[in-house]
């Protein structure tokens, strides 16, 4: 008889792993772990759910960390760029070359021993009672930005002092940029001390722009030798102006963390850069606030808060259509006759 097919040999179905040793061997084989405990190579092994979840979690954490780092680095770099000192070549402008006015290169010590430098333009036919006006510049600028104010003040019979903060212009410093009025207000103190002690000037008035306005407010609040203040486009506090200029995509906690890094890098505290907390101490000395209605950096609410916190006499000039930059240039220059009138009354000149 011819068999059409080979006989099938019966093989038992694999039994379930019953004993502990068999279960352990089965588990080690499934997970590619030998008896010693070393993981053996298993090219065809498909990762389990836990491994996949772990990888996804690591990728998510790395993505979030990279995003947070980018969101922190971007405003940090923008802040460093905006507050950096400008270049000051030796063959640059000065009051003689630009205005045909005689001047003195002056230097005086800061409170921490650094040397601050600037230009002193003496008044014509000066007497011991002739007052002086000094200018505190804004962010990313130096003493040169005050040259346009000199002719009107000089014609009115005032001494004029233009100087640069530490690290700006030709003044000594670490070049880390502005501290939003904290260190700059100390430099204003030094400038006032120079005018009073070195030059023997009794009446001192101040003009400050932006962070320079905050610096003048902070200095005048603790220094009665500043007898009259003109603050152009000041902000209330450094944290407030950061919030006002925060991009819509930047979370608030990232902004706060970035500001903390700026405080650490520059060595100041944001609580010391709040003009709204100190402006009330200027009274009864005269205060003039000037603000443009189209200021895109310092909201009008800041100026109104400062006016409400200031004592009397205080005045607010709102100049229609002027921006944060234009208020410093042609707008302030156009109002200089009125500014001179303000100083004449305040300093009895």
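Out of the residues in the range 159-174 that are out of contact with any helix residue (DSSP H, G or I) (no Cβ under 7 Å at 6 or more places or on another chain) and assigned to a loop (DSSP other than H, G, I, E, B), state the one that is surrounded by the most Cβ atoms within 10 Å (Cβ to Cβ). Applying the filter and picking the extreme gives 168.
The number of residues in the range 250-260 being surrounded by fewer than 17 Cβ atoms within 10 Å (Cβ to Cβ) and over 12 Å from the mean Cα position of the chain (by Cα) comes to 6. Just one residue in the set 190, 185 is part of a helix (DSSP H, G or I), under 20 Å from residue 272 (Cα atoms) and under 19 Å from the mean Cα position of the chain (by Cα); that residue is 185.
Could you check, for the range 213-230, whether at least one of its residues is under 12 Å from the mean Cα position of the chain (by Cα), buried (at least 22 other Cβ atoms within 10 Å of the Cβ), in a loop (DSSP other than H, G, I, E, B) and in contact (Cβ under 8 Å) with a residue 40 or more places away in the chain? No: zero hits. With respect to the stated conditions, residue 134 is outside any helix (DSSP H, G or I) and at pLDDT 95 or above.
Going through (1) in contact with a strand residue (DSSP E or B) (Cβ under 8 Å, 6 or more places away or on another chain); (2) closer than 26 Å to residue 158 by Cα; (3) surrounded by fewer than 14 Cβ atoms within 10 Å (Cβ to Cβ) one by one, residue 312 falls short only on (1).
The selection criterion, being in contact (Cβ under 8 Å) with a residue 60 or more places away in the chain, in a loop (DSSP other than H, G, I, E, B) and in contact with a helix residue (DSSP H, G or I) (Cβ under 7 Å, 6 or more places away or on another chain), holds for residue 177. Checking each residue in the range 238-249 for being surrounded by fewer than 21 Cβ atoms within 10 Å (Cβ to Cβ) and either in contact with a helix residue (DSSP H, G or I) (Cβ under 6 Å, 6 or more places away or on another chain) or at pLDDT 75 or above (or both) picks out 239, 240, 242, 243, 244, 245, 246.
Listed here are the residues, each with its yes/no results for (1) outside any helix (DSSP H, G or I); (2) farther than 28 Å from residue 235 by Cα; (3) modelled with pLDDT under 95; (4) over 23 Å from the mean Cα position of the chain (by Cα).
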{"position": "106", "(1), (2), (3), (4)": "yes, yes, no, yes"}
{"position": "119", "(1), (2), (3), (4)": "yes, no, no, yes"}
{"position": "127", "(1), (2), (3), (4)": "yes, yes, yes, yes"}
{"position": "145", "(1), (2), (3), (4)": "no, no, yes, no"}
{"position": "150", "(1), (2), (3), (4)": "no, no, no, yes"}
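In the set (1) touching a helix residue (DSSP H, G or I) at 6+ places or on another chain (Cβ under 6 Å); (2) more than 22 Å from residue 300 (Cα to Cα); (3) crowded, with 24+ Cβ neighbours inside 10 Å, the condition left unmet by residue 234 is number (2). Could you check how many residues of the range 283-333 are under 24 Å from the mean Cα position of the chain (by Cα), part of a helix (DSSP H, G or I) and either at pLDDT 95 or above or more than 21 Å from residue 345 (Cβ to Cβ) (or both)? Count: 12. Within the range 193-212, if we keep just the residues that are in contact (Cβ under 8 Å) with a residue 40 or more places away in the chain and in a helix (DSSP H, G or I), the residue that is farthest from residue 323 (Cα to Cα) turns out to be 198. The single condition among (1) assigned to a helix (DSSP H, G or I); (2) within 21 Å of the chain's Cα centre (by Cα); (3) over 24 Å from residue 178 (Cα atoms) that residue 277 does not satisfy is (3). For the range 261-288, the set of residues classified as within 19 Å of residue 184 (Cα to Cα) and free of Cβ contacts under 8 Å to residues at least 60 places away in the same chain consists of 263, 264, 271, 274, 276, 277, listed by residue number.
The values are calculated or read from the model by the stated rules, or taken from the named source; none is laboratory data. Just so it is clear, the model here is predicted, and its values are computed rather than measured. Don't worry about glycine lacking a Cβ; one is built from the backbone with ideal geometry, like all the others, and counts go over all protein chains shown.
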